[in-house]
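The values are calculated or read from the model by the stated rules, or taken from the named source; none is laboratory data. A quick note: this is a predicted structure, and the numbers were derived from the prediction, not measured. Here the Cβ is made from the backbone with ideal geometry for all residues, glycine too, and neighbour counts use every protein chain on show. Ligands, DNA and RNA are excluded from the accessible area calculation, which covers all protein heavy atoms including side chains. Shrake-Rupley method; radii C 1.70, N 1.55, O 1.52, S 1.80 Å.
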Amino acid sequence: MSDNQNILVLVSAGQHPLSGRPRRAERDAKALEMALTQSESAMVVFAGDPQSSAVREYLGMGVSKVNVLKQPEGADTSVALVDFVKSQQPQLVFCGARAEQGESSGMVPYLVADGVGAAVVPEVVDVMEQTDSHVEVLQALAGGQRRKLRVALPAVLVASASAPEARQSAFTKARDGLVNIFEVEVKMDLEQQGWEWQPAKKRPKRTKTVAAKASSRDRFKAATAAPASSGGKVMLNPSPQEAAEAILSLLKEKGLV
């Protein structure tokens, strides 16, 4: 494990998809897990309310300190994050793909990368090697496939849903960790204030179209029959790990987990 001081992790407040309970964000926690395999001294940055329970949950993962950029509700936190990252000039920035609440645009990794002149690598599942000039990562592709990439530093690595699960948050570490609060410039998101929010609705599946002169039997079959499978992948003698990852990826693709 390297002791690289130039690793920065962006984390945010998450929200449980069913209960709505505040928590650490799942993808951000996976990003932090990957960062901790590279450096135990990785800098963790949170933009939002310092009293958020998510801050303590990240501390519980074993980091000694979380830097909080104090931002009120309704602020454009991306501005504060970009300014902070530019001031630190890290070689590696780990983060999740998007927030679990609010606008959730997924633009923060790209805004940060643009601010520091870095490359963006989405769907990262593992960091294989890091040198002074480049980093080698494993990227998740469709159908459970993996691809190794070599990227010049600096780089912004976006954690994949297929990345290893984050460690559990320990109570004593969460309680004893340090929250370092920064009073930074606040830019309110005036455009968002005029939006009307409502719960998202699951879209109905498109049924197969049939000719106007088709019989009632044909119409009923088109509306109820399962679509033919396509885009499958043949795996010859896969290892248990590869097979499990492929099954899990398919279940997530079908929305079953």
Residue 181 fails exactly one of the following numbered conditions: (1) open to solvent by less than 70 Å² (accessible area, probe 1.4 Å); (2) outside any loop (DSSP other than H, G, I, E, B); (3) not charged (D, E, K, R). What is the number of that condition? (1)
Look at segment 71-103 and say how many of its residues are farther than 24 Å from residue 137 by Cβ and outside any helix (DSSP H, G or I). 9
Which of (1) within 24 Å of residue 173 (Cβ to Cβ); (2) modelled with pLDDT of 90 or more is the odd one out, the single condition residue 3 does not satisfy? (2)
(1) under 22 Å from residue 172 (Cα atoms); (2) outside any loop (DSSP other than H, G, I, E, B); (3) free of Cβ contacts under 8 Å to residues at least 60 places away in the same chain; (4) out of contact with any Phe, Trp or Tyr (no Cβ under 7 Å at 6 or more places or on another chain): which one isn't true of residue 40, the others all being true? (2)
Working carefully through the options 193, 241, find the one that is modelled with pLDDT under 80 and not hydroxyl-bearing (Ser, Thr, Tyr). 193
Condition check for residue 60: crowded, with 19+ Cβ neighbours inside 10 Å, in contact with a helix residue (DSSP H, G or I) (Cβ under 9 Å, 6 or more places away or on another chain) and over 16 Å from residue 159 (Cα atoms): yes
What are the residues in segment 78-98 that are touching a residue at least 60 places away in the same chain (Cβ under 8 Å) and within 21 Å of residue 54 (Cα to Cα), if any? 79, 80, 81, 84, 85, 93, 94, 95, 96, 97, 98
When the residues of segment 95-132 are narrowed to those that are more than 30 Å from residue 197 (Cβ to Cβ) and among the β-branched types (Val, Ile, Thr), which ends up farthest from the chain's Cα centre (by Cα)? 131
Using beta carbons and a limit of 9 Å, which pairs, at least six apart or on different chains, have the first residue in segment 163-192 and within 18 Å of residue 31 (Cβ to Cβ) and the second one polar (S, T, N, Q) and part of a helix (DSSP H, G or I)? 164/37
Residues (under 22 Å from residue 60 (Cα atoms) and either out of contact with any Pro (no Cβ under 9 Å at 6 or more places or on another chain) or open to solvent by less than 20 Å² (accessible area, probe 1.4 Å) (or both)) located in segment 126-161: 158, 159, 160, 161
I need every pair where a residue in segment 104-117 that is farther than 16 Å from residue 151 by Cα has its Cβ under 9 Å from the Cβ of a residue that is assigned to a loop (DSSP other than H, G, I, E, B) and among the aliphatic types (A, V, I, L, M), sequence separation at least 6 or different chains. 105/99; 106/97; 106/99; 108/99; 112/118
Cβ-Cβ below 7 Å, separation at least six or inter-chain, first residue in segment 232-255 and farther than 15 Å from residue 164 by Cα, second modelled with pLDDT under 85 and in a helix (DSSP H, G or I): which pairs? 233/143
Does residue 206 count as over 25 Å from the mean Cα position of the chain (by Cα), over 30 Å from residue 143 (Cα atoms), open to solvent by 100 Å² or more (accessible area, probe 1.4 Å) and at pLDDT below 75? no
Taking segment 235-257 and keeping residues in a loop (DSSP other than H, G, I, E, B) and touching a Gly at 6+ places or on another chain (Cβ under 9 Å) leaves 235
Please go through segment 1-57 and pick out each residue that is open to solvent by less than 40 Å² (accessible area, probe 1.4 Å), among the aliphatic types (A, V, I, L, M) and in contact with a Ser or Thr (Cβ under 8 Å, 6 or more places away or on another chain). 7, 13, 25, 47, 54
